[in-house]
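Read the structure below first, then the notes.
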Amino acid sequence: MNSKGIQINDVLSIIAAKKPTGILTLETDIHLGTLTFKDGLLIGAQSPYGHKLGDIILTQGKVDADFLLKTVEKQKQDGNKEPLGSIFIKMGKITFEDVKEIVLFQMEDALGTFRKWSDISFSFAAKDVTYFDSICLEPEKYLKGM
């Protein structure tokens, strides 16, 4: 879809009203990012410039680099689809509130990044997505807070 003149906030307004489930892909000539929605709630964001949860936890000093690397390697070997934050919670390294704060930061950071892009093409793929926890961002609340 050619979206000249359409901005991310316009698309978020539509999603807030329609409440779809699926993945919104945002693309420019040099950038690619995604936003994942469940019933209109933002539950995930991937920005090419985003900070990964493991790196944030490492920076906060909650785990060391060796422990993070071993955990990520084990997660891959096990074919584990469980989010890294959930694994760290089970291990007692962080709390759910820590993960919630980090994930909300990641989503807001990605939205801030996407807002700076120009000449964005948007595409939405309706598909069932896995909702691992209750962490989400309501698009209408995000738009009101701007």
Can you tell me which residues in region 28-86 are under 22 Å from Ile120 (Cβ atoms), of a type in the set (Ser, Thr, Tyr) and out of contact with any strand residue (DSSP E or B) (no Cβ under 6 Å at 6 or more places or on another chain)? Thr28, Tyr49
Keeping to region 58-93, report how many residues are in a loop (DSSP other than H, G, I, E, B) and either on the phi < 0 side of the Ramachandran plot or in contact (Cβ under 8 Å) with a residue 40 or more places away in the chain (or both). 11
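So which residues in region 87-146 are polar (S, T, N, Q) and more than 17 Å from the chain's Cα centre (by Cα)? Steps first, please.
So the first thing to find is which residues in region 87-146 are polar (S, T, N, Q), and the list is 95, 106, 113, 118, 121, 123, 130, 134.
Thr95, Ser118, Ser121 - these are the residues of region 87-146 that are polar (S, T, N, Q) and more than 17 Å from the chain's Cα centre (by Cα).
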Looking only at region 84-119, how many residues end up being under 19 Å from Leu68 (Cα atoms) and either basic (Lys, Arg) or touching a Lys or Arg at 6+ places or on another chain (Cβ under 6 Å) (or both)? 4
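Within region 21-62, take every residue that is among the charged types (D, E, K, R) and surrounded by 15 or more Cβ atoms within 10 Å (Cβ to Cβ) and give me the one that is farthest from Gly112 (Cα to Cα).
Ranking the candidates gives Lys62 first.
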So, in region 122-146, exactly how many residues are loosely packed, with under 13 Cβ neighbours inside 10 Å, part of a helix (DSSP H, G or I) and either touching a residue at least 12 places away in the same chain (Cβ under 8 Å) or in contact with a Ser or Thr (Cβ under 6 Å, 6 or more places away or on another chain) (or both)? 0
For region 105-121 the number of residues that are assigned to a helix (DSSP H, G or I) and surrounded by 15 or more Cβ atoms within 10 Å (Cβ to Cβ) is 8
Flagged pairs (Cβ under 9 angstrom, 6 or more apart or on separate chains; first in region 101-121, more than 16 Å from Thr36 (Cα to Cα) and modelled with pLDDT under 90; second basic (Lys, Arg) and assigned to a helix (DSSP H, G or I)) are none
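The values are calculated or read from the model by the stated rules, or taken from the named source; none is laboratory data. Quick caveat: nothing in here was measured; it's all calculated off a predicted structure. A quick note on method: Cβ atoms are made from the backbone with ideal geometry, for glycine too, and the neighbour counts reach across all protein chains shown.
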